[in-house]
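**Student:** Sharing a structure with you now.
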Amino acid sequence: MFGSLFEEEEEGFSLAPSGGRVVKGEGEPPPPRGRVNLSGIKNQGGTCYLNSLLQTLLFTPEFREELFSLGPKELGCLEDKGKPEAKVRVIPLELQRLFARLLLVDQQSASTADLTDSFGWNNSEESRQHDVQELNRILFSALEHSLVDTSGSGFIQHLYHGTTVNSILCKECGNISQRQEDFLDLTVCVRGVCGLEGALWDMFVEEEMFEGSNLYRCGQCDQLVTAAKSAKLRKLPPFLTVSLLRFNFDFARCERYKETGRYTFPLTINLRPFCEQTEDEDSEYSYELFSVIIHKGGCYGGHYHVYIKDMDHLGLWEPPEEDSKPKVQKKKEVRVYPEPEKDDPLSVLSSIIAQEESRSVLLDQLGQRLMDKIGSSWSKKYRKFHGPIGKFLQNHSDVFVLVNNGTRVALKANPPSPVTQPSSPAHPTPGPSSTPDPVHNNTANPQPEPGLETAPEPQGSHWFDLNDSTVTSIHERDVEKMYQGKESAYMLFYRKTLLHRPSGALRNPGYKVPPHLLEMAEEENRRLQQRREEFEASNNSVELRLHLAPCYRLENGALKPISIEQKEATNFTFDLRRTVGDLRMIIYQMQDLWEGDMALTVAKCLPAGLHLYNTLTDDEVSLYSAGILTGTDLFVWNGREVCGATVQIGAEWEPLLLTVIRPYLGEEGEGGDEEGGGEGEEGGSGLSKESRGFAGRVTLGEVREALGEPQESLLCQEKRGGEGGGASGWRVFPPGDMQRTLKELALKDGDALLVLEPQTPDSSVFSVSGDMVTVTTPSDCRWLQVEYRPERRRRGGGGEEEEEEERMRAKVPASGNMLLCEVKQRAIAELQLQEQLAGVACCLRQVDRTGKLLPPVCEELSVRDAGVRLMTSLSLCPGTAPKDTQLFLYFSVGTAPSSGLEGEIIVERSSTVKQCLKTMLESARLEGNGWHLRRLDWCEEVGEALMDEEASLSELKMSHGDALVITEGRLPPKGFLKLSVWLYVEPRAYPVVSMETEVSGTAEGSTEGQRLEVMTAVGGAMVELKTVGQVEISEEATLEELKTQVLTLPALQYVCVPTPAFLRVWQLEGQRLTRILRGQQHTLRKLKLCSGVELCVQQLLREEDLGPKEVLLRVQMGVPGERGYYPPEDLVWDASRDPSPRSLRSALASTYGLSPDSLLLAKHQPHTHTWETFSNWSQQVSKRKKKKKAESLLGAPFHLTDGDIVGVKNLLIDNNRDFSTQQDEQRLREEKEQRRKGGQGAGAEVETNQGVGPEKKMGPIKARKPEVALSINVGVFR
């Protein structure tokens, strides 16, 4: 019926059930059952609907036993299903095997792959979601077709099918026309009905009248007559299935939706009022609920799971986790009397709620009901001793519960009246309070534990939540939580209370299971146990590497093999669960010739060699507890020495492998070329390299002694991060470092150590300057490529090819110490440009990866000092090279230099901003004094201005290549701000367009200046902002002085205010009024104002001085009976002491002269055209009784700020809790229509609402998959 109704991928979260083990590989066996001893069903991708129905059928013992009663003679054998002549009824056979696995096989979850294969489903069908109500009918139909001509051909008809009779009574002649119908399940309406009893009453008790223009033609009268149509239940099945119509179709919006409202259903129900025959005993009409299939999600996707009552007690029920810890009963429990005492608020409130027809009261009306009951308000009567009423309800959460999304309060259970309730035969033992528990005093086991909040669970209440692979215990009262919401009941399964289970079936999962299925389950359990043992053994096996002491020697603080040819380690596999003593004994047996003590020490292979850490001394601990993992190295020795040498163990003695570098002079002299190469990796480098290992605890002085160097020798460490030029820099260790260890000096493996003897001359290879040594080897004397780029010439034809031919390149030998001016002269000589560039200034410029020219380099510096890397390219370009005291800067006029309109100048670093601006203006041929300089920010946009014109460029930390923008306009004096001012023009009558602010900037003529028209719902008015000029004011001025100076503007001469306190100053951001400036004596610096900020002034009728936590709100009172509001009013709400919704409600109550409990508040969200209701119940009381964080409307999720619109409903005269207006719905329809058209009008909408902020761009609606009907393929067995 629904096809692929649930097609969206919301099933995914059920594929990896919580609490399940993560599969590590294909060989891992399935985990055993959990503590409840019930097996779940694996989800194949979208089969949660199938899993929920199968679990319901499994826990229907009569269905299960009827299925098991069919033997192989009637159903055939699965081994013969490939034979053409064999009639194998595959579906019931696979269902039998699945049920046997769920009952008897010790695994967390069973697979339905074989069953779905028997349905003829492919992989796409298993991943597609369907409706469980549709599956219920199709699966039963498939079973009935599969069991044709067997003894079980009618068991589904017997268990689930009932009949109804439809009657039409002629009011003229009394003739009754009847038609009998068969039903598998009762489909009941949810919309407009409060519960199951009401829906059944409408179906089988209420009559439908044919009258007026809708008459009935009577067969006996042969004319149109008045008639009454009714229906009754004629035959009741043992198992009653009820399908709830949660999903409906909105023909106005042309879309599906899910009914999430409250819909109650009883745990036991009597169907006598709905039956045709009513003379039998009550037990014939009595049913009890045993399964509830629950749907979580929306109409286009979701997830199914099921609550099931275990009738045979096959599972081990235990209290859920939240009830595992006993809670000390602190609050006095309630007993409701017909006439409650007025001094006891608990009994008074319980009495008020219990007397309501719906057994619940609106939160906002509870105060009024209390006043009607006792003649006094809560604040006067109880607040002094019991606190606020909301806090009182939360403290008594064992009695009261919030329902309907927190808008109503109800009792957790209906307390029995002492007048009508018979006394219990067993009297409960009193706890801290002698008042009995009204919720549990009529249960099977009425004796609660003293000090506990709730009584023990009754013996017969074995309810479980079966959610795919996960099975958990739940309380019977948890079923009531599925009355409403996105996660709510979808199918109900009732069984007759006359159906009693035999004693042999209790706690016996193998009851009436055929012998061949018992053998199958036993065999699978044996295989699973074997697989688990093998997996545990393989999972606990580790590979160890044994190193024997006779094969090693100690060298330079590390253990190294004596012979290179011999094998370093022996691989050994061992069980982690065995002890260290077992491992030692096995190694003893392997080493027949071992004598003396044997120590096992954890080792690690380091670059310097093998090092030992901790020794395993406790023979009783397992290897797992000792921290042994796969790949661990173990050194086998006597625990004292190796080959006569004492071995130091531990992390502090870890050896380091250092590269020792010494000067190497060939036969031809210092440096040498390739013929005189040393031992290093690079021939002819002039240095010899040697790798040496040292213990980490040795000092640098001991390293020098180990190297055989005199005390006068210098030890140097390479300086990381070169400065260009190709040479390497080394830092000489000071004498104080000679007593520090290698670990303290933070040396690591691979670090280089340069050793210089005292007689090493200062040559072209080594140069000593203070504590720095520069090493310039012949390999560092490399080259630089210089490219000459002449000025571009316009040519016809192949322009690019000719220009490419004009480029000239030369490779110039260079070193890090060579000056760049020398590099330039060599390049000019190499390129033979002496005559061409005679008298022409030229410079060298580096080139980045994209080919862009970088600023010219200073030619007075060396290659190394200028940061130029050898073996890179430089470009020889026309222009002057900057000196060491100068800066090269880019500049442009009005726009960013990246636009291409840029210039270049060279100025002194000591030049001031004013001098730099003058030079740039002369270069750009601009005149006048109305200019200033601005920086570029990180995204190359014009940024902040250089305010201090007397500051030097070096003080402003300007560097080579920085870009500045020449901007028109004079800077205000130092410490002054230039602010633009707008005037808030009083509203004039306009029709209301929408709730949000929409801004459009237009010029209404040169005489009036620029105007902004801002449309709001301020009493149906148009708010207009008009520019009035600019002010220059010191940033140390106060807000009061700013208002005074604003009033001196010529455009505000007609504005008359007694004092500046009659002015309100808004800050404009993005053409929106964002915040009100507070604090008359606060400086503009403290208010965080800067130059360029736009302000808006508004004239007031009374003085105003808002505090830091006072919020200006626009409050609108709803018109009773209409979807509209009275004109708004300004409300200044002080949120400094209490920013909670209760405080705002009290402030509004004092404003309107109403009771706070009668007000309902909501904030308007202009971007979504919705209203968000304020509630005091959004936070639950912590289970650990932690202090609850105070609720604040200034924070998430409301974020109340200045100018927000707050709607108010007076519930005493207005029962409509919907705050939305017709304008809201109209805008929502318009936006929805735009999204349906593919977002064609999105651009215009964003442009219209630019004053409000960016609108969310909605793309075209995603095309949904075509609906595919659910089907099960069944063979022909007639």
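**Student:** If you check E681 against the conditions, is it part of a loop (DSSP other than H, G, I, E, B), loosely packed, with under 14 Cβ neighbours inside 10 Å, on the phi < 0 side of the Ramachandran plot and at pLDDT below 85?
**Tutor:** It is true that E681 is part of a loop (DSSP other than H, G, I, E, B), loosely packed, with under 14 Cβ neighbours inside 10 Å, on the phi < 0 side of the Ramachandran plot and at pLDDT below 85.
**Student:** Still on this model: Condition first: open to solvent by 20 Å² or more (accessible area, probe 1.4 Å), small (G, A, S) and over 36 Å from the mean Cα position of the chain (by Cα). Now tell me which residues in segment 1125-1153 satisfy that.
**Tutor:** S1146, A1147, S1150, G1153
**Student:** Here's a follow-up. Pairs only if they're at least six apart or on different chains, beta carbon under 8 angstrom, first in segment 952-981 and closer than 17 Å to V942 by Cβ, second among the hydroxyl-bearing types (S, T, Y) and part of a loop (DSSP other than H, G, I, E, B); list them, first residue then second.
**Tutor:** Partner pairs satisfying both residue conditions: V965/T895; K978/S1091.
**Student:** List every residue pair whose Cβ atoms lie under 6 Å apart, where the two residues are 6 or more positions apart in sequence or sit on different chains, the first residue falls within segment 240-254 and is without any contact (Cβ under 8 Å) to a residue 40 or more places away in the chain, and the second residue, located anywhere, is open to solvent by 10 Å² or more (accessible area, probe 1.4 Å).
**Tutor:** From residues that are without any contact (Cβ under 8 Å) to a residue 40 or more places away in the chain, the pairs are F249/R256; D250/Y257.
**Student:** Being surrounded by 17 or more Cβ atoms within 10 Å (Cβ to Cβ) and assigned to a strand (DSSP E or B): is that true of L933 here?
**Tutor:** Spelling it out, L933 is indeed surrounded by 17 or more Cβ atoms within 10 Å (Cβ to Cβ) and assigned to a strand (DSSP E or B).
**Student:** Name the single residue, out of those in segment 558-590 being surrounded by 14 or more Cβ atoms within 10 Å (Cβ to Cβ) and among the polar types (S, T, N, Q), that is farthest from K604 (Cα to Cα).
**Tutor:** Here the residue is T579.
**Student:** Could you run through segment 199-249 and say how many residues are among the acidic types (D, E) and within 55 Å of the chain's Cα centre (by Cα)?
**Tutor:** Selection size over segment 199-249: 4.
**Student:** Within segment 211-222, which residues are touching a residue at least 24 places away in the same chain (Cβ under 8 Å) and open to solvent by 10 Å² or more (accessible area, probe 1.4 Å)?
**Tutor:** Of everything in segment 211-222, those that are touching a residue at least 24 places away in the same chain (Cβ under 8 Å) and open to solvent by 10 Å² or more (accessible area, probe 1.4 Å) turn out to be Y216, G219, Q220, C221.
**Student:** Considering only residues that are within 11 Å of F204 (Cα to Cα) and open to solvent by less than 20 Å² (accessible area, probe 1.4 Å), look in segment 262-281 and name the one that is farthest from the chain's Cα centre (by Cα).
**Tutor:** C275
**Student:** Might you let me know whether segment 310-331 holds any residue that is loosely packed, with under 15 Cβ neighbours inside 10 Å, on the phi < 0 side of the Ramachandran plot and at pLDDT 85 or above?
**Tutor:** Yes.
**Student:** While we're looking at this one, here's another question. Go through the residues of segment 517-535 one by one and say whether even a single one is over 46 Å from the mean Cα position of the chain (by Cα), without any contact (Cβ under 8 Å) to a residue 12 or more places away in the chain, surrounded by fewer than 16 Cβ atoms within 10 Å (Cβ to Cβ) and on the phi < 0 side of the Ramachandran plot.
**Tutor:** Within segment 517-535, one or more residues are over 46 Å from the mean Cα position of the chain (by Cα), without any contact (Cβ under 8 Å) to a residue 12 or more places away in the chain, surrounded by fewer than 16 Cβ atoms within 10 Å (Cβ to Cβ) and on the phi < 0 side of the Ramachandran plot.
**Student:** Across segment 1102-1124, which residue is most open to solvent (accessible area, probe 1.4 Å) among those that are charged (D, E, K, R) and in contact (Cβ under 8 Å) with a residue 12 or more places away in the chain?
**Tutor:** R1102
**Student:** Among the residues of segment 240-261, count how many are buried (at least 17 other Cβ atoms within 10 Å of the Cβ) and not in a strand (DSSP E or B).
**Tutor:** Here the count works out to 2.
**Student:** Does I156 fit the bill of being within 41 Å of the chain's Cα centre (by Cα) and within 29 Å of K73 (Cβ to Cβ)?
**Tutor:** no
**Student:** Just to verify a result, which residue in segment 586-618, among those that are outside any strand (DSSP E or B) and in contact with an Asp or Glu (Cβ under 9 Å, 6 or more places away or on another chain), is farthest from E543 (Cα to Cα)?
**Tutor:** A608
**Student:** Could you identify the single residue in E1094, E1035 that is more than 22 Å from L1194 (Cβ to Cβ) and either among the hydroxyl-bearing types (S, T, Y) or open to solvent by 50 Å² or more (accessible area, probe 1.4 Å) (or both)?
**Tutor:** Answer to the selection: E1094.
To keep it simple, each residue is scored yes or no on (1) touching a helix residue (DSSP H, G or I) at 6+ places or on another chain (Cβ under 6 Å); (2) among the basic types (K, R); (3) over 14 Å from F635 (Cα atoms).
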site	(1), (2), (3)
H547	no, no, no
C551	no, no, no
K560	no, yes, no
T570	no, no, no
I586	no, no, yes
Q591	no, no, no
A599	no, no, no
K604	no, yes, no
L610	no, no, no
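**Student:** Let me ask you something else. Which condition does S69 not pass, out of (1) open to solvent by 20 Å² or more (accessible area, probe 1.4 Å); (2) farther than 18 Å from L159 by Cα, if it passes all the others?
**Tutor:** (2)
**Student:** Looking at D106, is it open to solvent by 50 Å² or more (accessible area, probe 1.4 Å) and closer than 30 Å to C299 by Cα?
**Tutor:** Taking the combined requirement at face value, the residue does not satisfy it.
**Student:** Going by what's in this entry, would R191 be described as among the basic types (K, R), in contact with a strand residue (DSSP E or B) (Cβ under 8 Å, 6 or more places away or on another chain) and part of a loop (DSSP other than H, G, I, E, B)?
**Tutor:** yes
**Student:** Still on this structure, please answer the following. Can you confirm whether A989 is buried (at least 19 other Cβ atoms within 10 Å of the Cβ), modelled with pLDDT under 85, among the aliphatic types (A, V, I, L, M) and farther than 23 Å from G1092 by Cα?
**Tutor:** Answer is no for this residue.
**Student:** From E487, E476, which residue is at pLDDT below 95, in contact with a Phe, Trp or Tyr (Cβ under 6 Å, 6 or more places away or on another chain), farther than 19 Å from L104 by Cα and open to solvent by 50 Å² or more (accessible area, probe 1.4 Å)?
**Tutor:** When all the criteria are applied, what remains is E476.
**Student:** Same structure, new question: Collect the residues in segment 260-286 that are without any contact (Cβ under 8 Å) to a residue 60 or more places away in the chain and of a type in the set (F, W, Y), keeping them in residue-number order.
**Tutor:** Y285
**Student:** Only one residue in L196, L236 is aliphatic (A, V, I, L, M) and either in contact with a strand residue (DSSP E or B) (Cβ under 6 Å, 6 or more places away or on another chain) or farther than 30 Å from L499 by Cα (or both), so which one is that?
**Tutor:** Exactly one residue qualifies, and that residue is L236.
**Student:** Go through the residues of segment 162-171 one by one and say whether even a single one is open to solvent by 30 Å² or more (accessible area, probe 1.4 Å), farther than 22 Å from E134 by Cβ and free of Cβ contacts under 8 Å to residues at least 12 places away in the same chain.
**Tutor:** no
**Student:** A further question on this structure: Looking only at helices (runs of 4 or more DSSP H) that lie completely in segment 64-182, which have at least 3 residues being under 30 Å from P31 (Cβ atoms)?
**Tutor:** 90-104, 113-119, 123-127, 132-146
**Student:** Got a number for residues in segment 860-877 being among the β-branched types (V, I, T) and either surrounded by fewer than 16 Cβ atoms within 10 Å (Cβ to Cβ) or not in a loop (DSSP other than H, G, I, E, B) (or both)?
**Tutor:** Of the residues in that region, 1 qualify.
**Student:** Condition check: out of contact with any strand residue (DSSP E or B) (no Cβ under 9 Å at 6 or more places or on another chain) and acidic (D, E). Does D310 satisfy that?
**Tutor:** Considered against the rule, which asks whether it is out of contact with any strand residue (DSSP E or B) (no Cβ under 9 Å at 6 or more places or on another chain) and acidic (D, E), D310 comes out as no.
**Student:** Now for a separate question. Here are some conditions: (1) assigned to a loop (DSSP other than H, G, I, E, B); (2) modelled with pLDDT under 90. P237 meets all but one. Which one does it not meet?
**Tutor:** (2)
The values are calculated or read from the model by the stated rules, or taken from the named source; none is laboratory data. Just so it is clear, the model here is predicted, and its values are computed rather than measured. Heads up, the Cβs are rebuilt from the backbone with ideal geometry, glycines too, and the neighbour counts pull from every protein chain shown. Remember, those area values only see protein heavy atoms, side chains included, never the ligands or the DNA or RNA. Shrake-Rupley method; radii C 1.70, N 1.55, O 1.52, S 1.80 Å.
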